[in-house]
Amino acid sequence: MKKIGVFTSGGDAPGMNACIRAVVRSAAFHEVEVMGIKRGYQGMIDDEFINLQKSDVANIIQNGGTFLKTARSKEFMTPEGRQKAYQNIQKHGIEGLVCIGGNGTYTGAGIFYEEFGIPSIGAPGTIDNDLYGTDYTIGFDTAVNTALDAIDKIRDTADAHNRIFFIEVMGRDSGFIALNAGIAGGSEGILLPEVMNDYEALKSHFADDKRRTKEFSIVIVAEGETEGKTYQLAERFKADFPECDLRVTVLGHVQRGGRPTANDRILASLLGNAAVEQLLAGKTNLCVGVINHALALVSFQEAINSKKTIDASLWQLSKVLSY
Ligand code: F6P
C-alpha cells in the first residue's frame, strides 16, 4: 500500500485530532502517503481531499474537535453517493482507509468494502463509549472529566442553597458517561437507559428513613434514559417530594469539546498507529480497540451487532456509596 486516506465521521470527540496525527505520523514512518478527507463520507463524495504531511498535523494533539471536520452523510447511504465517493478514492489513488467514528462510520466502511473492495480499519471515536470491542472510546475520558468539572461546580451552589439538582449528561442510548461521572461526582442517584425502573429505585432511596440525612443532593441522568426526559423526571420527583427545592441542568454539547485528557491522547495515538499497522498488514473491516490494557481487534460486523454493557460492579458500587 502506497497511499491511504483518513477521515472522521459522526459526532466529533476530543482526541480525534490526536488520532489523525497518529495515523499521519505512523504512515510516514512506514513511507506511506496520507490524504485527509474532510467532512467524513460527505467530503469523500464532494472531493474534499487534502495531502497530509507530518508537519500538517503538528500542534493539533491538544485540540478538541477535528481539524478534518465531520458530518453525518445521508448521501453516502445511497448507492449513487457511494459510487461518487469511490470515483474520488480511485482518482486520488487511495488504497485503504482509516475511519475514525462510531457504529455508523463502521457500517459505511463495511458496505464500501463490499461494493468496491476498499479496505478499511476503524478507530472508535465517540464520547458515548457505547462501542463494542473496546473498553474505552476516544473522547469518553475527556467528556467524563468535563461533566465532572460542571458537577463539582453545581455541587457548590447546591450545597449553598440546600437544593437537589438533576444533571443531564450526554449518551444518546447509553449511560457510560452518566455512570462514571455520577460515581466520580459523588452523586446520590444515577438514572441510566441500561437499568429498568431506576426512577422507582431513586424514589425509594429518597423515601428511606435509614438514608443518611443530607442537605443537598446530585442526581445524574443519562440523556438516553428511557423512563422519561430529565425535565419530566424532575417534575415527577417534585410531585413525589414537594418539599424539595429542585433544579435541572442539562450539560449538552459542552461535553463534546475541550482539550483531550492525557488518557484520550494516549488512547487516540495508540489506536491511530494500530489502525495503520493493521491496514498495512493487509487487514480490513476491523476496528481497533483496547481491552484490559491490550490492543483488541473485532470485526465491523461484531462491533455493530453487539451491545456493550455497562460495568455491573460499578453500578453496584454507585448504590453502595450513595446509601
Ligand atoms: O454520539 C455522541 C453524542 O454527543 C450523543 O451523546 C448525543 O446524543 C449526540 O451525539 C448529539 O448529536 P448532535 O451533535 O448531532 O446533536
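So, for region 51-118, what is the accessible surface per residue at a probe of 1.4 Å, expressed in square angstrom? Walk me through the numbers on the way to the answer.
Values: 3390 Å² over 68 residues.
Ligands and nucleic acids excluded, the figure is 50 Å² per residue.
May I ask you to order 238-250, 5-17 by the average number of other C-beta atoms within 10 Å around their residues, highest value first? Kindly include the intermediate steps, with their values, before the conclusion.
On the way: 238-250: 13.1, 5-17: 28.5.
So the peptides 238-250, 5-17, ranked by packing, come out 5-17, 238-250.
Compute, for the chain, the length of the dipole vector about the Cα centre, with Cβ point charges of +1 (Lys, Arg) and -1 (Asp, Glu) only. Units Debye, rounded to 20.
Value, rounded to 20: 640 debye.
For region 303-309, take each phi angle, set θ = phi - 60°, evaluate the Karplus expression 6.51 cos²θ - 1.76 cosθ + 1.60, and give the result in whole Hz per residue in order, putting x for glycine and proline.
4, 6, 8, 9, 9, 7, 9
Compare the Cα positions of Val250, Gln278, Gly108 along the charge dipole of the chain (+1 at Cβ of Lys, Arg; -1 at Cβ of Asp, Glu; about the Cα centre) and return the one farthest towards the positive end.
Positive-most Cα among the choices belongs to Gln278.
Quick one: of the DSSP bridges fully inside the chain, what percent are antiparallel, nearest 5? Walk me through the intermediate numbers first.
On the way: 10 of 41 bridges.
The antiparallel proportion sits near 25 percent.
With axes computed from alpha carbons, what is the tilt in degrees of helix 230-240 against the longest principal axis of the chain, rounded to the nearest 10 within 0 to 90?
10 degrees
May I ask you to list the GluC sites (Glu not before Pro) in region 1-61 that are in a DSSP loop and have at most 15 other Cβ atoms within 10 Å of their Cβ?
Working: sites: Glu31, Glu33, Glu48; in loops: Glu31, Glu48.
Answer in residue order: Glu31.
Using only helices, what value at 222 nm comes out for the chain when you add -39,500 (n - 2.57) per DSSP H run of length 4 or more and divide by the total residues, to the nearest 500 deg cm²/dmol?
Numbers: 11 runs with 135 residues, N = 323.
My calculation for the chain gives -13000 deg cm²/dmol from helical runs alone.
In degrees from 0 to 90, rounded to the nearest 10, what is the angle of the helix 262-280 Cα long axis to the longest principal axis of the chain?
Taking Cα atoms only, the helix is inclined about 30 degrees.
Ignoring any ligand, DNA or RNA, what whole percent of the accessible area of the chain comes from carbon and sulfur when the probe is 1.4 angstrom? Let's see the in-between values first.
Numbers: 7220 of 14320 Å².
Reported share for carbon and sulfur atoms: 50 percent.
Roughly how many Å² is the accessible area per residue of region 142-257, as a whole number, for a 1.4 Å probe?
Values: 5310 Å² over 116 residues.
That works out to 46 Å² for each residue.
Within region 119-211, list the trypsin sites (Lys or Arg not before Pro) lying in a DSSP loop whose Cβ has at most 11 other Cβ atoms in a 10 Å radius. Intermediate values should be presented prior to the final figure.
Numbers: sites: Lys153, Arg155, Arg163, Arg172, Lys203, Lys210, Arg211; in loops: Arg163, Arg172, Lys210, Arg211.
Passing both the DSSP loop test and the Cβ count: Lys210.
With the cut-off at 25 Å, tell me which of the pairs Lys38/Lys74; Lys38/Lys307; Lys54/Lys307; Lys203/Lys308; Lys69/Lys91; Lys153/Lys214 have Cα atoms farther apart than that. All intermediate terms of the calculation are to be shown ahead of the outcome.
On the way: Lys38/Lys74 15 Å; Lys38/Lys307 29 Å; Lys54/Lys307 37 Å; Lys203/Lys308 28 Å; Lys69/Lys91 22 Å; Lys153/Lys214 18 Å.
Beyond 25 Å: Lys38/Lys307; Lys54/Lys307; Lys203/Lys308.
Once Lys and Arg get +1 and Asp and Glu get -1 on their Cβ, which of Ser187, Gly228, Ile151 lies farthest toward the positive end of the dipole of region 142-257?
Ile151
If you fit an axis through the alpha-carbon atoms of helix 312-322 and take the longest principal axis of the Cα set of the chain, what angle between them do you get, 0 to 90°, nearest 10?
Between the helix axis and the principal axis of the chain, the angle is about 30 degrees.
Shape call for region 160-306 from the C-alpha gyration tensor, a ≥ b ≥ c root eigenvalues: rounded (a/c under 1.5), prolate (a/b greater than b/c) or oblate? Before the final figure, lay out the partial values.
Details: a/c = 2.97, a/b = 2.41, b/c = 1.23.
Prolate shape, in that a/c is at least 1.5 and a/b is the bigger ratio.
If a/c stays under 1.5 just call it rounded; otherwise compare a/b with b/c (prolate if a/b is bigger, oblate if not). Do that for the chain, with a ≥ b ≥ c from the square roots of the Cα gyration tensor eigenvalues.
On the way: a/c = 2.49, a/b = 2.30, b/c = 1.08.
Prolate, because a/c is 1.5 or more and a/b exceeds b/c.
Tyr132 accessible area, nearest 10 Å², 1.4 Å probe?
80 Å²
Nothing charged except the Cβ atoms of Lys and Arg (+1) and of Asp and Glu (-1): what's the magnitude of the dipole of region 142-257 about its Cα centre? Round to the nearest 20 debye. Display every interim value, and only then the final one.
On the way: 14 positive and 20 negative charges, 36 e Å.
Computed about the Cα centre, the dipole is about 180 debye.
The values are calculated or read from the model by the stated rules, or taken from the named source; none is laboratory data. Just so you know, these numbers come straight off a predicted model, no measurement behind them. FYI the Cβ positions are ideal-geometry reconstructions off the backbone, even for glycines, and counts take in every protein chain you see. Ligands, DNA and RNA are excluded from the accessible area calculation, which covers all protein heavy atoms including side chains. Shrake-Rupley method; radii C 1.70, N 1.55, O 1.52, S 1.80 Å.
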